[in-house]
Amino acid sequence: MIEQQPPRPPYVEKLLEKHVSAANVLVVGGQIEDTLEKLLLTAGRPISNKLAKRIFTGMGPLHSFSGKIEIAYFFELIDDPLYGDLMLIKDVRNAFAHTTTYVSFSDERIATKCRQLSTWRTGAEAQERFYSRALECLDTLRQDMDRFLMAKALQEPTVQIDDDQD
């Protein structure tokens with residue numbers, strides 16, 4: 001027989017509902033950071049897993065989200081609007097991640113960051129605009145990564161087949 005869990009008190013349900021936005025921001029931010037790391041690895045020279053780990057983890061030079069954004073910008077892997085928006089997305093992600101208090105898109109500091117996004121339109125809701133632009137950025141990074149992968153694939157020496165032999 002399966003033991004049933006006692007129902008959660010209503011305040012627990014409300015507390016969890018309040019933090020759904022934070023979870024979503026962290027997931028989207030993590031996806032962007034991960035894709036940005038893959039873009040850097042794809043655009044760069046081939047390196048060993050050991051070196052990649054040293055560069056991107058611990059105290060490596062590209063362990064931080066902002067470090068990845070800045071290097072991608074420096075090497076012209078991303079343009080000015082994408083750079084600015086990624087920095088704002090990082091700031092919003094950090095505001096949700098590095099706090100012990102409740103944070104929401106209605107907080108003025110978060111809403112201000114969202115209004116600074118390049119795609120902001122008057123009257124738009126901060127949360128909607130943030131997610132929309134974050135997903136656009138993610139798509140752009142993935143397209144850029146695909147472009148680099150295709151370019152590298154086309155540079156690979158091909159095996160020549162001798163048509164004269166059967």
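Read-outs: derived from the displayed coordinates by stated rules, not from any lab. Because the structure is a prediction, the values reported are computed rather than measured.
Brief remarks on what is shown
- Top of R115, R129, R45 by mean-square fluctuation, Gaussian network on the chain, Cα under 10 Å: R45
- For segment 1-136, the convex hull spanned by the alpha carbon atoms encloses 176 Å³ per residue.
- A full extension of the chain between E125 and K38 corresponds to an added length of 28.2 nm, given 0.36 nm per residue minus the alpha carbon distance.
- Considering only G58, G29, G84, the mean-square fluctuation computed in a Gaussian network model of the chain, springs between alpha carbons under 10 angstrom, is largest for G58.
- The lysine pair count for segment 1-137, using Cα distances under 14 Å and pairs eight or more places apart or on different chains, is 5.
- Under the span-like rule (Cα at least 27 Å along the axis, Kyte-Doolittle mean at least 0.0), DSSP H helices of the chain: 20-43
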